[in-house]
Amino acid sequence: MLLFSALAALCLLPLLVLAAEDYYKLLGLDRDADERQIKKAYRTLSKKFHPDKNPNDDTSQQKFVDIAEAYDVLIDAEMRKVYNQYGHEGVKQKQGGGGQGGGHNPFDLFNSFFGGGGRFQQGQRKGPNMEVRISVPLRDFYTGKDHEFKVEKQAICEKCEGSGSEDGQRDTCHKCNGQGMVIQKQMLAPGIFQQMQMQCDVCGGKGSTVKHKCKTCGGARVVRAEEQYELAVEKGMPNGVRVTYENEADESPDYVAGDLVVHLLQEEPKLAKGEKDRTDGTFFRRKDQHLFWREVLSLREAWMGDWTRNLTHLDGHVVQLARKRGQVVQPGSVEVVEGEGMPTWRQEDGPEFGNLHVEYTVVLPDQMDGGLEKEFWGVWEKWRKKKGVDLQKDSGRPEPKHDELVVDVLYQLLI
């Protein structure tokens, strides 16, 4: 019977180990992920599953705890090595059999990343927002594309976890007794005093002091750091759209970090370096859902027709413009090509794409060679006589009086 119990326990042990979710899978990481990728995954997931953002959701709350546990293990090089070799059981033995006992409190860990006591409580002090501008080509607004960008900002010191102390110890300020404020009396007149509450000049209003300052932050509790973010440019996003990253602005142990607000702008068009990336669409002009293009025609093309043009759109597909022989294009006329404009952002009802507006500009030659001039003059005279056109009469201008003209010329000669 004892042998049977032992065999049963051995069979159940792998199942118990498998029941705990793999730390790498939990954070969405590969097994060769570096420290930066681990921190980035924790930052994203801890905010997503934070209990304050998912009230009355036991699953999210447990996920928040599991994410903190996974981060604690993988960010520690020694613990990560143990986990890679022996899994969850090896980590528990290394921590003394206490499960999560060897790691941080989930809220303390969250606080070390974002400040504010580890919670998103209503009415809690929130830091200022940070705004940045990022420009991307029109092509990315049309096709959609993922970008990475970096922002330098204030971050809580990871070495001292925002305490400012090398050994993690802070002593109660002897002047304000931990209040951060002191009362000062000022005599206004003999026997008349005024009391004023002021910030303690010893601890700077923090209520505690540090004997051994952190060598990384110099006791400031925060450092300047560069953080990398991913920006998903969606198809049809409007120029100037604001993308908000919650609680990603400057961090401090004294408040919840504000939001990082990205203003997404369209950069000025420029010629592409690669041959395959060169498109006519690069020089489209955009207004809301519609695109605009100016096509230049010669006098012969505008008058005679019989031409075809291919425009390479932003994603590489071709839009064909053409006129049959005898079809005249008036200077400044606009052709609307339906469905060849910008995609509709987050389209639910209505058309998926706007329209492409093509404005035709006719270029007149400075002079004509003999053959071309003769050809055009012959065509003009034939049409004019057939229609009975007289430029002087049809212009609406008064006919010149020759007598007055002669008198005027003689007067100029006499002068």
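The values are calculated or read from the model by the stated rules, or taken from the named source; none is laboratory data. Just so we're clear, the structure is a prediction, and the values are computed from it rather than from any experiment. Glycine gets a Cβ as well: all are built from the backbone with ideal geometry, and neighbour counts include every protein chain shown.
Some values worked out for this structure:
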| item | result |
| --- | --- |
| Any pair with Cβ under 6 angstrom, 6 or more apart, that starts in the range 316-334 at a residue that is closer than 22 Å to His290 by Cβ and ends at one that is modelled with pLDDT of 90 or more and among the acidic types (Asp, Glu) | Val319/Glu340; Val334/Glu359 |
| Hits in the range 29-47 (condition: in contact (Cβ under 8 Å) with a residue 12 or more places away in the chain, closer than 18 Å to Glu227 by Cβ and not hydrophobic (A, V, I, L, M, F, W, C)) | Glu35, Arg36, Lys39, Lys40, Tyr42, Arg43, Ser46, Lys47 |
| Positions within the range 301-334 being surrounded by 15 or more Cβ atoms within 10 Å (Cβ to Cβ) and outside any loop (DSSP other than H, G, I, E, B), in sequence order | Glu301, Ala302, Trp303, Met304, Trp307, Arg309, Leu311, Val319, Leu321, Arg323 |
| Lone unmet requirement of (1) part of a helix (DSSP H, G or I); (2) more than 20 Å from Leu74 (Cβ to Cβ); (3) modelled with pLDDT of 80 or more for Ile38 | (2) |
| Some residue of the range 155-167 being over 25 Å from Leu109 (Cβ atoms) and either within 35 Å of the chain's Cα centre (by Cα) or surrounded by 10 or more Cβ atoms within 10 Å (Cβ to Cβ) (or both) | no |
| Verdict on Gln347 being under 25 Å from Val318 (Cα atoms), part of a loop (DSSP other than H, G, I, E, B) and of a type in the set (S, T, N, Q) | yes |
| Residue among Phe284, Phe292 that alone is over 30 Å from Met368 (Cα atoms) and out of contact with any helix residue (DSSP H, G or I) (no Cβ under 7 Å at 6 or more places or on another chain) | Phe292 |
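Listed here are the residues, each with its yes/no results for (1) modelled with pLDDT of 90 or more; (2) aliphatic (A, V, I, L, M).
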{"position": "Asp277", "(1), (2)": "no, no"}
{"position": "Asp280", "(1), (2)": "no, no"}
{"position": "Trp293", "(1), (2)": "yes, no"}
{"position": "Val296", "(1), (2)": "yes, yes"}
{"position": "Arg300", "(1), (2)": "no, no"}
